[in-house]
Amino acid sequence: MKMRRNARGVISIVAMASVAALALTGCSRDSGGGGENGESASPGITDTTITFGITSPLTGSTAGPGNCTVDGAKAYFGVKNDEGGIKFGDGKTRTVKIKAYDDGYDPQKALANFQQMVSDGVFAAGLGLGTPTNRAWREAAIDEKVPQVLVQTGDPLFSDREKSPEQLGLVPTYLDEGAAFGDLLVESGEDHKVAILYQNDDYGKGYVEGFKGAIEGASNITVTDELTYEATDTSVDAQITELASTGADVIFNAMSITPLTIAALQKAQALDWLPSWFLPSNTSSPGAILEPGGADAFPGVYSVAFSQSSSSPAFQESDEGKAFLEAIDTYTDQDGAPAFPHCVWSWIGAATLEQAFTNMKEPTRESFMDALFDISDFSAPFMLEGSTIDTTTDGKPAVSNVQVQKYNGKGYDVADAIG
């Protein structure tokens, strides 16, 4: 077993209890020093540390991407902490403590985790995966005035500052992803029959809304059938069988559950139905989903992206990619290149947090949010050309630009056509 300087669970209960106690009592310089203008420090930040919480599915069917939402941040800040910490806008240098909570993709557990975060005295929280789970504690975060930021859900609600004043999404919205694929189909100029299968919640509905908006009025696109599944289902064989009978040459598959995505690809092959596929960015991993699903059998499997893939040779051969993989190896339990893009997304989110930390003038949540909402044209590590971090526009997540890509058997190439 390899040794790590900061593996998962390294933060001790005793240490966290001490931070929470100091934040609540305000009895020491670290907990109650405040800023230059006399503002009292918010819970979870001292003169030397800041604590960030992440609730994400660390077990269950979405544990692969869920653990990545933690690991990317742990690796990024592990490096920064070992370099001496981050100099904040108030002039103090702090290390960043990541405290992770497992919600198993269960909304009630996610809410309970947030309540535990408040008890533990975290300064802010976010980065975690899941639309229903992040929604479960959104209102509580607003009530408690705890930042819920850079969450890995494409739900546009998290970027609506009137309805969600303590929130900000990281990844492009589901509508933007769905629209990008719809645009590609329309622009092809060829006739396509599309079957739709989507998760029966805000996640799946968002993708379909974006897709339908893009193809509206297009004479070359016909939707043959539209079916749903529940996130708790263990099989979608019946849906795939029904959709195959329509003779569609494209399937728009807005699915978030890894085992179901693999099973859907395999079932279509068993039926000798070989359409082109669209898959969301979070269920399109080449190594974890497409290879075991036999995606090479289809004329094209498409997804969207805003970041480089850690599984690509170009990434692994670059100096920045090597440093990323070394950090993942050192500070997390991941072995080798992560199979899911969420590790890179979390690294990007952590780099965005650092931008906010370096510009917040006071050790308060209010100052943090002001700084977070003032980031523009930031080229975070591993973002694709044309994609940058911009948090200044109400209604938009930190990343809003995507590229449609086509699976090439090992990774993805930019797609300029479908077929």
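Helices (runs of 4 or more DSSP H) wholly in the range 309-419 with at least 3 residues that are under 20 Å from GLU166 (Cα atoms) - which ones? Talk me through it step by step, then tell me what you get.
Numbers: elements: 313-317, 319-331, 342-359, 365-372.
Passing ranges, in order: 342-359, 365-372.
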Exercise for review: Mind listing whichever residues of the range 83-133 are of a type in the set (A, V, I, L, M) and closer than 19 Å to SER42 by Cβ?
Suggested key: ILE86, VAL96, ILE98, MET117, VAL118, VAL122, ALA124, ALA125, LEU127
Check your understanding: Counting only residues that are in the same structural domain as ALA270 (by TED's automatic domain parsing) and of a type in the set (D, E, K, R), which one in the range 286-324 is nearest to the chain's Cα centre (by Cα)?
Key -> GLU291
Exercise for review: Within the range 77-112, work out how many residues are surrounded by fewer than 20 Cβ atoms within 10 Å (Cβ to Cβ), touching a Lys or Arg at 6+ places or on another chain (Cβ under 6 Å) and not in a strand (DSSP E or B).
Suggested key: 2
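Considering only residues that are hydroxyl-bearing (Ser, Thr, Tyr) and under 16 Å from the mean Cα position of the chain (by Cα), look in the range 381-407 and name the one that is farthest from PRO286 (Cα to Cα). Show your work before the answer.
From the range 381-407, those hydroxyl-bearing (Ser, Thr, Tyr) are 387-388, 391-393, 400, 407; that's our starting set.
Pick out the ones that are also under 16 Å from the mean Cα position of the chain (by Cα) and you get 387-388, 391, 400.
Values: SER387: 22, THR388: 24, THR391: 30, SER400: 23 Å.
Only one residue fits best here, namely THR391.
Residue by residue through the range 225-245, note down the ones that are of a type in the set (Ser, Thr, Tyr) and buried (at least 17 other Cβ atoms within 10 Å of the Cβ).
First, pick out the residues of the range 225-245 that are of a type in the set (Ser, Thr, Tyr): 228-229, 232, 234-235, 241, 245.
Matches in the range 225-245: THR228, TYR229.
Can you go through SER346, SER379 and tell me which one is of a type in the set (S, T, N, Q) and buried (at least 23 other Cβ atoms within 10 Å of the Cβ)?
Criteria check complete, one pass: SER346.
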Check your understanding: Looking only at the range 156-167, which residues are surrounded by 23 or more Cβ atoms within 10 Å (Cβ to Cβ) and either in contact with a Phe, Trp or Tyr (Cβ under 7 Å, 6 or more places away or on another chain) or at positive phi (or both)?
Key -> GLN167
Check your understanding: Considering only residues of the range 60-95 that are small (Gly, Ala, Ser) and farther than 23 Å from PRO107 by Cα, which is farthest from the chain's Cα centre (by Cα)?
Key -> GLY91
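Could you please give the count of residues in the range 113-156 that are under 15 Å from the mean Cα position of the chain (by Cα) and either part of a helix (DSSP H, G or I) or of a type in the set (A, V, I, L, M) (or both)?
12
The values are calculated or read from the model by the stated rules, or taken from the named source; none is laboratory data. It should be emphasised that the depicted structure is a prediction, and the values quoted were computed from it without experimental measurement. In this analysis, Cβ positions are derived from the backbone assuming ideal geometry, glycine residues included, and neighbour counts consider all displayed protein chains.
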